[in-house]
Amino acid sequence: MRFRGELASSPENLKRAHSMSMNESRGEHRAPWECTFAKEEKNKCRPGIPPKSNQQYFEILCLCVLQAGLGWGMVRKNWSKLRKGFYDFNIERLATTKVNELFKREGVMKNKNKVKAIIDDAREFQNTVQEVGSFSNFLRSLKGMGDKEAIRELAQRFNHVGEYTAEYYLHSVGYWE
Ligand SMILES: [Zn+2]
């Protein structure tokens, strides 16, 4: 059985959620918001299904950006509305969209910095894929550095991705599996 409680994005809350899940037989989750990840115990919790395409990798990145500072409860509750508003997080569509146009759409979060970040990140994601062929190739290329450096690399590359969000993302896509 997986932990399905409401998670907030603070490390303390994640830690608490994690300790609640310690009694569960499998600390596995299928979506980032089900994560019971605690930084120092990431081996105790694992994403169930790793992303299979660039598109899936990008969608999880968007979810991480959107929840930052607000918590996963918000993303989980509004997931289908957010997906619709953000063109199903389609990379090509978002990369060619203007901030004001996207901002006006129903279901899109009324936070211009985040809307701009999603567009910037779609473009950067495209560049990254173009550089190395696929996003999973890119993540594999990070394996040559230490965890801290990999987290920093991701945080520097993408807009509105801090180191905590970057670490959460890497864990959510099974980077450490
Ligand atoms: Zn997890």
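Every number here is computed from the coordinates shown, using simple stated rules; none is lab data. As the structure is a computational prediction, the values presented were derived from the model and not from experiment. Heads up, the Cβs are rebuilt from the backbone with ideal geometry, glycines too, and the neighbour counts pull from every protein chain shown.
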Which value does Rg/Rh take for region 54-172 over its C-alpha atoms, Rh per Kirkwood? 0.95
Applied in sequence order to region 102-116, the curve 6.51 cos²θ - 1.76 cosθ + 1.60 (Karplus, θ = phi - 60°) yields integer Hz couplings, x standing for Gly and Pro, of 5, 4, 6, 6, 5, x, 7, 4, 7, 9, 4, 4, 6, 4, 5
Enumerate the calculated ³J(HN,Hα) couplings along region 141-158 in order (Karplus 6.51 cos²θ - 1.76 cosθ + 1.60, θ = phi - 60°), each rounded to whole Hz, writing x wherever the residue is Gly or Pro. 5, 6, 4, x, 9, x, 4, 4, 5, 5, 4, 5, 4, 5, 5, 6, 6, 10
Suppose the chain between residue 56 and residue 149 were pulled fully straight at 0.36 nm per residue; how much longer would it get relative to their current alpha carbon spacing? 31.1 nm
Could you order peptides 92-101, 162-171 by the average number of other Cβ atoms within 10 Å of their residues, highest first? 162-171, 92-101
Please state the equivalent ellipsoid semi-axes for region 137-177: what are the square roots of 5 times the Cα gyration tensor eigenvalues, largest first, in whole Å? 15, 11, 9
Starting at the first residue of region 50-60, write each ³J(HN,Hα) from the Karplus equation 6.51 cos²θ - 1.76 cosθ + 1.60 with θ = phi - 60°, in whole Hz, x for Gly and Pro. x, x, 10, 8, 3, 4, 5, 4, 5, 4, 5
Taking amide H positions as placed in the peptide plane 1.01 Å from N, state which residues far from residue 29 in sequence (5 or more) or on other chains have amide H under 5 Å from it. 46, 48
